[in-house]
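Single-structure report; data block below.
The values are calculated or read from the model by the stated rules, or taken from the named source; none is laboratory data. What you are looking at is a predicted structure, and each value in this text was computed from that prediction instead of being measured. Backbone-built Cβ (ideal geometry, glycine too); neighbour counts: all protein chains shown. SASA here: full protein model, heavy atoms, side chains in, ligands and nucleic acids out. Shrake-Rupley method; radii C 1.70, N 1.55, O 1.52, S 1.80 Å.
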Amino acid sequence: QVQLVESGGGLVQAGGSLRLSCATSRSILSADAMGWYRQAPGNQRELVGRIWRIGGTNYADSVKGRFTISRDSAKNTVYLQMNSLKPEDTGVYYCKATVNGLAYWGKGTLVTVSS
């Protein structure tokens with residue numbers, strides 16, 4: 001079992017920044033990948049980006065150049081730095097860990113970007 005707890009969401013104006021955190025109950029290096037997803041009202045959950053255990057990241061086209069995923073192995077925490085936020089970035093952001101083919105999710109943190 002892996003417990004994930006997201007934090008850092010809130011209300012921000014367009015053009016602003018937020019940093020989300022995902023704290024895990026076990027070493028993040030035991031996960032094949034750690035990902036950030038988001039779900040806007042009425043929409044399906046979508047991938048924002050992920051970081052692989054061996055290194056490397058990939059991002060959705062809509063956030064490339066604005067969002068950055070990083071990790072702190074000592075703190076078992078993964079971060080999502082979000083810059084130049086847009087109203088369409090509004091949604092609940094979820095952290096996901098993939099461990100031995102199994103997916104574990106946090107409960108999410110709400111990000112609201114006002115225009």
Quiz item: If you take the residues in segment 31-49 that are free of Cβ contacts under 8 Å to residues at least 40 places away in the same chain and not in a loop (DSSP other than H, G, I, E, B), which one is least open to solvent (accessible area, probe 1.4 Å)?
Solution: Gly49
Self-check item: Residue in segment 11-27 that is without any contact (Cβ under 8 Å) to a residue 12 or more places away in the chain and either open to solvent by 80 Å² or more (accessible area, probe 1.4 Å) or β-branched (Val, Ile, Thr) (or both) present
Solution: no
Quiz item: What tally of residues in segment 93-106 results from selecting those that are touching a residue at least 60 places away in the same chain (Cβ under 8 Å) and part of a strand (DSSP E or B)?
Solution: 9
Quiz item: What number of residues within segment 69-81 satisfy the criterion of being farther than 15 Å from Ile51 by Cβ and assigned to a strand (DSSP E or B)?
Solution: 0
Quiz item: For segment 60-92, how many residues are without any contact (Cβ under 8 Å) to a residue 24 or more places away in the chain, under 18 Å from Asn43 (Cβ atoms) and open to solvent by 50 Å² or more (accessible area, probe 1.4 Å)?
Solution: 1
Self-check item: Flag for Thr112 being touching a residue at least 24 places away in the same chain (Cβ under 8 Å) and outside any loop (DSSP other than H, G, I, E, B)
Solution: yes
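Among the residues of segment 93-102, is there at least one that is within 18 Å of Ser114 (Cα to Cα), at pLDDT 95 or above, of a type outside the set (A, V, I, L, M) and in contact with a Lys or Arg (Cβ under 9 Å, 6 or more places away or on another chain)? Steps first, answer last, please.
Narrowing segment 93-102 to residues within 18 Å of Ser114 (Cα to Cα): 93.
Now narrow it down to the ones that are at pLDDT 95 or above: 93.
From the residues that got through so far, the ones that are of a type outside the set (A, V, I, L, M) too are 93.
So of that shortlist, the ones also in contact with a Lys or Arg (Cβ under 9 Å, 6 or more places away or on another chain) come out as 93.
Yes, segment 93-102 contains at least one residue that is within 18 Å of Ser114 (Cα to Cα), at pLDDT 95 or above, of a type outside the set (A, V, I, L, M) and in contact with a Lys or Arg (Cβ under 9 Å, 6 or more places away or on another chain).
With respect to Leu85, is the statement that it is under 17 Å from Gly8 (Cβ atoms), within 11 Å of the chain's Cα centre (by Cα) and not small (Gly, Ala, Ser) true?
Values: under 17 Å from Gly8 (Cβ atoms): yes; within 11 Å of the chain's Cα centre (by Cα): no; not small (Gly, Ala, Ser): yes.
Answer is no for this residue.
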